[in-house]
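This report concerns only the one structure given below.
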Amino acid sequence: MAKILGNFHLALLIGVVLLAAAMFGFHGDLVGSGAAYWAGFFRYLHIFAGILWIGLLYYFNFVQIPTMPKVPAELKPGVSKYIAPAALFWFRWSALATVLLGLILAETSQGGYVEHALTFKPGFKVIGTGMWLGIVMAANVWFIIWPNQKRALGIVAVDDAKKAASASLAMMASRTNLILSIPMLYCMVGQSHIAAM
């Protein structure tokens, strides 16, 4: 059992097999057909990507950033050279996947949904706010956090002053995303409960 669960790729494969079993077990007659099925499938993928993205955002802000000052200097390279780059890989790609899958989900649910939400048409204000917050957060990941983290972590060579400034800017952008994630999650969840707005 330790060999199976100790292998990340094998554990992930088992999860995907169980997903397929659940999909066919619960919806065998619907798989591959009908807009409702595909909307549900894209909702699943959107939520999966979103959990990965926001989970990593919370890991950075609740765990890594506050803990790094306490880590002895000789141990810090273990985080900056190995853990942080790997976490940032999943962080940035899950951000992009969350937004793209969300847009696909919205449009497959109802034609014109994205346009109605992003322009705050009646009945779409809550989800529109959530979508805009998510888009701003993803742009923040790709255009502020990631470029600055590359310098802060030494992936891109810069002098010490630029490295420190980049680390500070990346942290402030990450904290901004933490702040925005709180109302964003409310709007995403709240759309079905506050649809009149």
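The values are calculated or read from the model by the stated rules, or taken from the named source; none is laboratory data. Worth saying up front: this structure is predicted, and the values here are computed from it rather than measured. Neighbour counts are summed over all protein chains in view; Cβ atoms, including those assigned to glycine, are modelled from backbone coordinates with ideal geometry.
Numbers at a glance
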{"item": "Breaking point among (1) under 23 Å from Val99 (Cβ atoms); (2) in contact with a Lys or Arg (Cβ under 6 Å, 6 or more places away or on another chain), for Leu133", "result": "(2)"}
{"item": "Test for Ile83: is it within 19 Å of the chain's Cα centre (by Cα), part of a helix (DSSP H, G or I), under 17 Å from Tyr58 (Cβ atoms) and in the same structural domain as His46 (by TED's automatic domain parsing)", "result": "yes"}
{"item": "Members of region 149-180 found to be touching a helix residue (DSSP H, G or I) at 6+ places or on another chain (Cβ under 7 Å), under 26 Å from Leu101 (Cα atoms) and not small (Gly, Ala, Ser), listed by number", "result": "Gln149, Arg175, Thr176, Asn177, Leu178, Leu180"}
{"item": "Which numbered condition Ala73 misses (of (1) among the hydrophobic types (A, V, I, L, M, F, W, C); (2) outside any helix (DSSP H, G or I); (3) surrounded by 15 or more Cβ atoms within 10 Å (Cβ to Cβ))", "result": "(3)"}
{"item": "Failed criterion for Ile104 (all others in (1) touching a helix residue (DSSP H, G or I) at 6+ places or on another chain (Cβ under 6 Å); (2) modelled with pLDDT under 95; (3) closer than 21 Å to Leu56 by Cβ hold)", "result": "(3)"}
{"item": "All positions within region 76-99 that are crowded, with 16+ Cβ neighbours inside 10 Å and touching a residue at least 60 places away in the same chain (Cβ under 8 Å)", "result": "Ser80, Ala84, Leu88"}
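Yes/no per residue for (1) more than 20 Å from Arg151 (Cα to Cα); (2) of a type in the set (Val, Ile, Thr); (3) at pLDDT 95 or above; (4) outside any loop (DSSP other than H, G, I, E, B):
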position	(1), (2), (3), (4)
Leu18	yes, no, no, yes
Gly25	yes, no, no, yes
Leu30	yes, no, no, no
Ala36	yes, no, no, yes
Phe48	yes, no, yes, yes
Val63	yes, yes, yes, yes
Arg92	no, no, yes, yes
